[in-house]
2 protein chains.
Amino acid sequence: MRVAILAHDQFPGHAKTAVGILRYSDHEVVAVLDRATAGDRVADHLPDVQDAPIVERMADAPACDALVIGISPIGGAFDDSWRPDVRAALERGCDVVSGLHHFLSEDEEFATLATEHGCDLRDVRRPPADLSVAAGTAGDVDARTVLTVGSDCSTGKMTATFELRDAARERGLDAAVVPTGQTGIMVAGWGIAIDRTIADFAAGATERLVEQASDHDILFVEGQGALAHPAYSGVTTSILHGAQPDSLVFCHLPGHDAVREYERFQIPDPRSYADLYEQVSAPVSGATVDAGMLNTQSLSPEEAQTAVESFASDLGVPATDPVRFDADDVLDAVL
Amino acid sequence: MRVAILAHDQFPGHAKTAVGILRYSDHEVVAVLDRATAGDRVADHLPDVQDAPIVERMADAPACDALVIGISPIGGAFDDSWRPDVRAALERGCDVVSGLHHFLSEDEEFATLATEHGCDLRDVRRPPADLSVAAGTAGDVDARTVLTVGSDCSTGKMTATFELRDAARERGLDAAVVPTGQTGIMVAGWGIAIDRTIADFAAGATERLVEQASDHDILFVEGQGALAHPAYSGVTTSILHGAQPDSLVFCHLPGHDAVREYERFQIPDPRSYADLYEQVSAPVSGATVDAGMLNTQSLSPEEAQTAVESFASDLGVPATDPVRFDADDVLDAVL
C-alpha cells in the first residue's frame, strides 16, 4: 500500500505512529505531511528509516492509496486544522486511516465524502463488535509466544516487538507481531486496540489476536501500559493473562524511576518489577522475564553501552537497545 | 423507593441481585415476581431478609415506584418471557431498572412506552459517557478505604462489602459502599459497572466513585473478579489501583482450588494469593490484606467454624463468614 502520513508540527519527535510506519511497515510512504518541516526530507531527520519528502499539505503529496493520521494528541481528539488534508485525501479517492479516540467515520462531512468518492474511513481503534470474555486458551497455541512488558508507558514495547520480529525474520524464522495498540495496528495492518475494548473483554480480545496469528511459529505480542501504573495496569494485566505468553521481555528507560505524568508514583527497580510480572503471570501461564530492552536514545554511545550492561546485570538476563545495537542475544534468550 | 423485583424461575438460589436488594437495600420491596414460587412469601425461603409476597406477574404486584430486573442470565440477555411484566410496569408508570448487558432503553417498544407514561428505563450497566483515565488521586481522600478482593468470581465480595458497611453502621460509624457491579449499584442506588467501561478508563471510573463518596468516613469498595483469573484480572487490577485502598479483605470459598468455569487454572493457596494482591498493590497504594471472609453456605455449623478458624490461621489475620457469624473482628482489623 502507498500511503501519505499526516504528522503536522510533531515530526519526528512526537509522531510515534508516523515513525513506526516509516521504520517497520511494508507500506511505501510517498510523503509525510508536516507544515513545520515541509521542504525537508524524512532522511534529514531520521537516517535509518525509509525516506520520503515532507510536504505542507495533502494537495502536494504524490498519488497514494491512503492517508494515515500519524500523530495522536493527548485525549485522542481530532485537530480541526487537519480537516482540509483529510477532505483532500477523500476527494482524491484515498482511504483515511486513523487511530484517534475520535472516530472519523462518525464525522458527518468525512462520512459523506467517503461515500461520494467510494473510499473507506478506517478507525483502527474501534474494537470489533463481537468481542467476549476470554476462554483461557491462548496458551494452547503451538507458536512460541513472547510478550513485551514495561516499567511504564512509552518505554519501547512497540519498538522492541517489531525489532524482535525483524531479527527473527533475518534468521529465516516465521515470526509475526500481534498488535494491541493503534500504531502496531497501522504498521501491521491488523490487530485490536485493547485499551479501547470493554474492560471485561480485554483479555478475550488479546486471546483472539494470539489465536488468529497462531499459524506462525513465533509471535511477538505488543504489550501496553505497565503492571504498576496507576491508570493503565488493567490493560497490562488483561494482555498478560489473555496472551498467556511463554516468555516476557522487560522494556525500560535508563534512570526512569517515577511514572511519567504520575511522578508521585515510584517505579520499582527493574529486577523487582520483573519479579512482579512473573508473580502475576505464574497462576495463568508461568512466563518468566527472559530478556531486557533499554531505550538509550538520550545517551551517548558509551553511556548507552554501560547502561545496557548494567541493566542486563540488574535483571540477570541478556539485554540490549534494539535500535542502537542488535537484538541477537535477546532473541536467543526468548526462543 | 418501593420496588417490585423480577426473579422468574430463579428465586432465591440464582437470583443474586434480588436477594442482594432484599438483604441490603433501603428500598421497600412490595413483591417478588417469580412464576415458579408464586403464592409463597420471601420469608418461606429466606428467613433473614425483608419479607414480601411472591406473585406471578406485575399485574398482581402492589403499587410501587419501580420494577427491578433481579436476575441476570449468562451473557446478560433479556428473556422475552419477561416482556409482559416490563410492559405492565411501564403502563403503570413504574420505572424499570436493569443490570443486563442488553440495554432496555434500546428496546423500541419499551422506549416508546416509557415516553408515553413518563417513566425511566434505567440501565445501570451503561457507563457514563464522560469517563477518562485515572489521575492517580483516590488515595488522597480522607475516608478510610477498604476493598474486598477474592480468589475467584462469586466468592462473596459484594456480600462482604455490605456486611462490613452494616457492621460499621451498627457502631454508629459513617460508612458507605462504593458499588462497582450491577447488583451493588441496584442496592445502593448509584455506582458504575466497572467491567463494562472502556478498559483504559476502568481505573479512572473507580477513582471517580471513591472520590464521589469521600464525604463518608469509611468506604467499603466492592471488588470484582480475581487477580489470577484468566479472563477478569484486568478489571480486578483496575479497581485495585483505581481505588488505592488502605486495606484489603480477602474473600474465599472453603476448599475452592480451581477457577470456576476455568478449572484447568489452579487457585493459589489463600496466603500466597493475599501476598499477590499486596505485591501488586504495593507500588500504587501499599494496602495489605488485613482480614478474610469465607462463604461457608455449603458447610454445617461445626464445619463452618473449623473452616473459618483454619482460613484465619492460613491468612494470619482475623476471618469470618459475615452472614453466618458476625463481622466484628474483621471490622476491627480493617479500621
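The values are calculated or read from the model by the stated rules, or taken from the named source; none is laboratory data. Remember, predicted model here, so these are calculated numbers, not experimental data. Positions of Cβ are generated from backbone atoms using ideal geometry, with glycine treated the same way; all protein chains shown enter the neighbour counts.
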Discussion item. Tell me yes or no: at least one residue of the stretch A:140-148 is within 14 Å of chain B (Cβ to nearest Cβ) and within 21 Å of A:GLY234 (Cα to Cα).
Written reply: no
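Let's see how each residue does on (1) farther than 19 Å from B:ALA327 by Cα; (2) in contact with a strand residue (DSSP E or B) (Cβ under 8 Å, 6 or more places away or on another chain):
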position: B:ASP166; (1), (2): no, no
position: B:LEU173; (1), (2): no, yes
position: B:VAL187; (1), (2): yes, yes
position: B:ILE192; (1), (2): yes, no
position: B:ALA199; (1), (2): yes, yes
position: B:GLU211; (1), (2): yes, no
position: B:HIS216; (1), (2): yes, yes
position: B:GLN224; (1), (2): yes, no
Discussion item. Let me confirm something: among A:PRO270, A:PRO322, which residue is within 20 Å of A:LEU240 (Cβ to Cβ) and either within 22 Å of the chain's Cα centre (by Cα) or within 14 Å of another protein chain (Cβ to nearest Cβ) (or both)?
Written reply: A:PRO270
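Looking only at the stretch A:285-308, filter to residues that are among the β-branched types (Val, Ile, Thr) and crowded, with 18+ Cβ neighbours inside 10 Å; which one of those is nearest to the other protein chains (Cβ to nearest Cβ)? Show your work before the answer.
First, pick out the residues of the stretch A:285-308 that are among the β-branched types (Val, Ile, Thr): A:288-289, A:296, A:306, A:308.
From what's left, crowded, with 18+ Cβ neighbours inside 10 Å: A:289, A:296, A:308.
Details: A:VAL289: 15, A:THR296: 24, A:VAL308: 24 Å.
Among those residues, the one meeting the criterion is A:VAL289.
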Item to complete: Quick one: A:GLY181 ticks every box in (1) closer than 21 Å to A:HIS14 by Cβ; (2) in contact with a Pro (Cβ under 9 Å, 6 or more places away or on another chain); (3) within 13 Å of another protein chain (Cβ to nearest Cβ) except a single one, so which number is it?
Response: (2)
Item to complete: Please tell me if B:VAL187 is β-branched (Val, Ile, Thr), in contact with a Phe, Trp or Tyr (Cβ under 7 Å, 6 or more places away or on another chain) and not assigned by TED's automatic domain parsing to the domain that holds B:GLY20.
Response: yes
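Looking for something over 30 Å from A:ALA77 (Cα atoms) and either buried (at least 19 other Cβ atoms within 10 Å of the Cβ) or out of contact with any strand residue (DSSP E or B) (no Cβ under 7 Å at 6 or more places or on another chain) (or both) - is there at least one such residue anywhere in the stretch B:129-142? Steps first, answer last, please.
The first filter runs over the stretch B:129-142 and keeps only residues over 30 Å from A:ALA77 (Cα atoms), leaving B:141-142.
With either buried (at least 19 other Cβ atoms within 10 Å of the Cβ) or out of contact with any strand residue (DSSP E or B) (no Cβ under 7 Å at 6 or more places or on another chain) (or both) added as a condition, the list becomes B:141-142.
There is at least one residue in the stretch B:129-142 that is over 30 Å from A:ALA77 (Cα atoms) and either buried (at least 19 other Cβ atoms within 10 Å of the Cβ) or out of contact with any strand residue (DSSP E or B) (no Cβ under 7 Å at 6 or more places or on another chain) (or both).
Going through the stretch B:251-264 one residue at a time, which ones are farther than 14 Å from B:THR155 by Cα and crowded, with 18+ Cβ neighbours inside 10 Å? Working first, answer last.
Of all residues in the stretch B:251-264, those farther than 14 Å from B:THR155 by Cα come to B:262-264.
Within the stretch B:251-264, just B:TYR262 meets the criteria.
Inside the stretch A:213-235, can you point out the residues that are among the polar types (S, T, N, Q) and either farther than 23 Å from A:THR137 by Cβ or at pLDDT below 95 (or both)?
Correct list: A:SER233 only.
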Practice prompt. Considering every residue within the stretch A:161-169, establish whether at least one is surrounded by fewer than 20 Cβ atoms within 10 Å (Cβ to Cβ) and either part of a helix (DSSP H, G or I) or more than 18 Å from the chain's Cα centre (by Cα) (or both).
Written response: yes
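Would you mind finding the one in A:GLY93, A:GLY150 that is within 30 Å of B:TYR262 (Cβ to Cβ) and touching a Cys at 6+ places or on another chain (Cβ under 8 Å)?
Numbers: A:GLY93 fails: within 30 Å of B:TYR262 (Cβ to Cβ).
Result: A:GLY150 is the single residue among A:GLY93, A:GLY150 that is within 30 Å of B:TYR262 (Cβ to Cβ) and touching a Cys at 6+ places or on another chain (Cβ under 8 Å).
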Discussion item. With the requirement that a residue be in a helix (DSSP H, G or I), out of contact with any Lys or Arg (no Cβ under 8 Å at 6 or more places or on another chain) and in contact (Cβ under 8 Å) with a residue 12 or more places away in the chain, what does the stretch B:306-328 give you?
Written reply: B:ALA307, B:VAL308, B:PHE311, B:ALA312, B:ASP328
Fill in: Selection status of B:PHE110, in a helix (DSSP H, G or I) and in the same structural domain as B:ARG260 (by TED's automatic domain parsing)
no
Worksheet item: Does B:PRO128 satisfy being closer than 30 Å to A:CYS153 by Cβ and without any contact (Cβ under 8 Å) to a residue 60 or more places away in the chain?
Response: no
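Provide a single number: the residues in the stretch A:248-258 that are under 20 Å from A:LEU299 (Cα atoms) and of a type in the set (A, V, I, L, M, F, W, C). Give the derivation first.
Keep residues of the stretch A:248-258 that are under 20 Å from A:LEU299 (Cα atoms), which gives A:250-258.
Next cut, of a type in the set (A, V, I, L, M, F, W, C) only: A:250-251, A:253, A:258.
Residues in the stretch A:248-258 being under 20 Å from A:LEU299 (Cα atoms) and of a type in the set (A, V, I, L, M, F, W, C): 4 in total.
So is B:GLY189 free of Cβ contacts under 8 Å to residues at least 60 places away in the same chain, away from every other protein chain (no Cβ under 11 Å) and at positive phi or not? Steps first, please.
Working: free of Cβ contacts under 8 Å to residues at least 60 places away in the same chain: no; away from every other protein chain (no Cβ under 11 Å): yes; at positive phi: yes.
So B:GLY189 does not fit the description; no.
Being within 14 Å of another protein chain (Cβ to nearest Cβ) and without any contact (Cβ under 8 Å) to a residue 40 or more places away in the chain is the requirement here; does A:ALA282 meet it? Steps first, please.
Details: within 14 Å of another protein chain (Cβ to nearest Cβ): yes; without any contact (Cβ under 8 Å) to a residue 40 or more places away in the chain: yes.
Yes, satisfied.
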Worksheet entry | Residues that are farther than 12 Å from B:ASP123 by Cβ and among the polar types (S, T, N, Q), drawn from the stretch B:65-108 | B:SER72, B:SER81
Worksheet item: Quick check, is A:GLN279 out of contact with any Phe, Trp or Tyr (no Cβ under 6 Å at 6 or more places or on another chain) and crowded, with 20+ Cβ neighbours inside 10 Å?
Response: no
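Among what's in the stretch A:216-253 and is free of Cβ contacts under 8 Å to residues at least 40 places away in the same chain and out of contact with any Phe, Trp or Tyr (no Cβ under 9 Å at 6 or more places or on another chain), pick the residue that is nearest to the other protein chains (Cβ to nearest Cβ).
Narrowing the stretch A:216-253 to residues free of Cβ contacts under 8 Å to residues at least 40 places away in the same chain: A:230-231, A:233-234.
Checking which are out of contact with any Phe, Trp or Tyr (no Cβ under 9 Å at 6 or more places or on another chain) leaves us with A:233-234.
Working: A:SER233: 5, A:GLY234: 3 Å.
Here the answer is A:GLY234.
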Worksheet item: For residues in the stretch A:192-214 being away from chain B (no Cβ under 13 Å) and free of Cβ contacts under 8 Å to residues at least 60 places away in the same chain, which is nearest to the chain's Cα centre (by Cα)?
Response: A:LEU209
